[in-house]
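For reference, the structure discussed in these notes is given below.
None of the figures in this text is laboratory data; all of them are computed from the coordinates on show. Everything numeric here is computed off the predicted structure, so don't read it as measured data. FYI the Cβ positions are ideal-geometry reconstructions off the backbone, even for glycines, and counts take in every protein chain you see.
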Amino acid sequence: MDTDLPSDLPSDLRAGLDRAAQGISRHALGRRSAAISQAYRSGQGSAQAIQSADDALAYALARLPATFAAASSVLAALKEAAPDFAPRTFLDVGAGPGTACWAAVGCFPGLTALHLVDDNVHLRLLALRLLSGGAVGTLRDATYRQGDVGQLIDALAAADLTIASYVVGELPAARLLDYADALWSKTAGILVVIEPGTPAGFARVRSLRSHLVGRHAHVVAPCPHDHECPLAGGDWCHFSQRLNRSRDHGRVKGAALSFEDEKFSYVALSRVALGVPRRDRVLASPRVTKALVTTKLCTPDGVAMDVASRRDADTYRERKRWRWGDAVSREADGRANP
Ligand SMILES: C[S@@+](CC[C@H](N)C(=O)[O-])C[C@H]1O[C@@H](n2cnc3c(N)ncnc32)[C@H](O)[C@@H]1O
């Protein structure tokens, strides 16, 4: 039976998941997926939540489409902010089912080497099975080391693009900054860290960002500056990516809606300052009324509310096109230029 996975996934990845799920009851996968979500919600990590091949598959069917959507969205924002960045090597730390590799290859087709690390044997085996069905040789040739990142990281080679996607929250909180240093030491070009778009996920991203800026990292995205994050009063920087939910994806998740919105926080940090202008970041969906468009922006001077009046028809129309997460420019004459 076809798993009918979301069309947003690359077809070779979808086909691999289909093959892996053949002959396995959706009902059983749904039960496992619910138990895994419950384990994560109660604060357990992947080591406790995913203890068998079927657990790994249930996790991938339920969560991979959303983390893939988040990683793709972040890498697209990175590419937009750093148009000349052309990584050849990629390191995926806490790679799980290999999600970020697929997103990276989709975004940066010039990648020639993918290296993954994770300590979960079941997720690693599933990832290798999926990667072996990749349409491009770079996916099929990926290497995947199994082990604890704290122990393995010294032995790894630095990559042009290093990513830790939905991983940092599973590492010991008291050692967050040690892990930040370790990830940074394995980054020859740009480091991307993605966390769930919750206050706690954002707090981790913010600490890591601040620590590594202190080690001379430059922020590529989402912030248009390297200053301390200006958000205050319990506010948190996060973004949202909508993805289609297929019938089976919904069934494994026990969900009725035909879509879901994945919320995530992230930062992309570069070893070198990019010689391109940095653009303001839209921090929430603009509020549109008949008279005004009001947009919350992160700017080099802090958080700003941009207000466009309908009386300035061109600006009003432009601002209406802005979307949460966009990088935008406000020209000196007040005209918008997303
Ligand atoms: C929530 S999953 C995210 C997987 C994948 N990066 C994604 O975006 O879909 C977290 C992953 O981090 C891995 N992980 C957690 N702590 C780890 C550690 N100390 N060393 C290696 N991997 C770890 C888990 O095994 C799991 O695969």
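List the lysines whose alpha-carbon lies under 28 Å from that of residue 79, not counting same-chain residues fewer than 8 positions away?
186, 263, 296, 320
Measure out, as a whole number of angstrom, how far apart the alpha-carbon centroids of the stretch 152-205 and the stretch 299-317 sit.
If you average the Cα positions of each part, the centres end up 35 Å apart.
For the chain, what does -39500 (n - 2.57) per DSSP helix run (n ≥ 4), summed and divided by total residues, give at 222 nm, in deg cm²/dmol to the nearest 500?
Working: 12 runs with 128 residues, N = 338.
Computed ellipticity for the chain at 222 nm equals -11500 deg cm²/dmol.
What does the C-alpha gyration tensor say about the overall shape of the stretch 1-90? Classify as rounded when a/c is under 1.5, otherwise prolate if a/b is larger than b/c, or oblate. Write out the running numbers ahead of the final one.
Working: a/c = 2.64, a/b = 1.57, b/c = 1.68.
Verdict is oblate for the stretch 1-90.
Just to compare against my own numbers: the Cα pair-distance distribution for the stretch 202-338, 10 Å bins, whole % per bin, please.
For the stretch 202-338, the binned pair fractions read 11, 34, 29, 20, 6, 0 percent.
Over the chain, calculate the relative contact order: mean separation of alpha carbon pairs under 8 Å at least 6 apart, over the residue count, as a percent. Each step should come with its number before you reach the end.
Working: 672 pairs, mean separation 54.4, N = 338.
About 16 percent, as a whole number.
About the Cα centre of the chain, how large is the charge dipole given +1 on each Lys and Arg Cβ and -1 on each Asp and Glu Cβ? Please answer in debye to the nearest 20. List each step's numbers first, then the result.
Values: 41 positive and 36 negative charges, 181 e Å.
So the dipole magnitude of the chain works out to roughly 860 debye.
Would you mind calculating the gained length between residue 304 and residue 178 on full extension (0.36 nm times residue separation, minus the Cα-Cα distance), in nm to one decimal?
Gain on stretching residue 304 to residue 178: 42.0 nm.
Once the piece of chain linking residue 51 and residue 158 is laid out straight, how much longer is it, given 0.36 nm per residue of separation minus the C-alpha distance between them? Display every interim value, and only then the final one.
Details: separation 107, 0.36 × 107 = 38.52 nm, distance 3.00 nm.
Here the segment from residue 51 to residue 158 would lengthen by 35.5 nm.
Looking at the chain only, what percent of DSSP beta bridges run antiparallel? Nearest 5 please. Before the final figure, lay out the partial values.
On the way: 32 of 51 bridges.
The antiparallel fraction comes to roughly 65 percent.
Provide the packing ranking of 97-107, 213-223, i.e. peptides ordered by the mean count of other C-beta atoms within 10 Å per residue, highest first. Spell out each step's value before the answer.
On the way: 97-107: 26.3, 213-223: 19.6.
Ranked by mean Cβ neighbours within 10 Å, highest first: 97-107, 213-223.
Please work out the FRET efficiency for the pair residue 121 and residue 244, using the Cβ-Cβ distance as r and a Förster radius of 25 Å; give the result to the nearest 0.05. Display every interim value, and only then the final one.
Details: r = 31 Å, r/R0 = 1.25.
Between residue 121 and residue 244 the formula returns 0.20.
Assuming R0 = 25 Å, can you tell me the calculated FRET efficiency for the pair residue 287 and residue 80, based on Cβ-Cβ distance, to the nearest 0.05? Could you put the intermediate results ahead of the total?
Values: r = 24 Å, r/R0 = 0.96.
Rounded to the nearest 0.05, the efficiency is 0.55.
Where does the chain land on Rg/Rh, using Cα atoms and the Kirkwood Rh? Mind showing how you got there, number by number?
On the way: Rg = 20.2 Å, Rh = 20.7 Å.
With Rg and the Kirkwood Rh in hand, the quotient comes to 0.98.
Which of the listed residues, 37, 167, 102, is farthest toward the dipole's positive end in the stretch 11-270, when Lys, Arg count +1 and Asp, Glu count -1 at the beta-carbon?
Farthest towards the positive pole: 37.
State to the nearest 20 debye the size of the charge dipole of the stretch 1-131 about its Cα centre, where the only charges are +1 on K and R beta carbons and -1 on D and E beta carbons.
On the way: 11 positive and 12 negative charges, 53 e Å.
In total the dipole reaches around 260 debye.
Return the distance in nm (one decimal) between the two label points of a simple spin-label model at residue 200 and residue 313, each offset 7 Å from Cα along Cα→Cβ.
Result for the modelled spin labels: 5.2 nm.
So, by mean Cβ neighbours within 10 angstrom, what's the order for 126-138, 83-95 with the highest one leading? Could the numbers behind the result be given before it?
Values: 126-138: 18.6, 83-95: 20.2.
Top to bottom by mean Cβ count within 10 Å: 83-95, 126-138.
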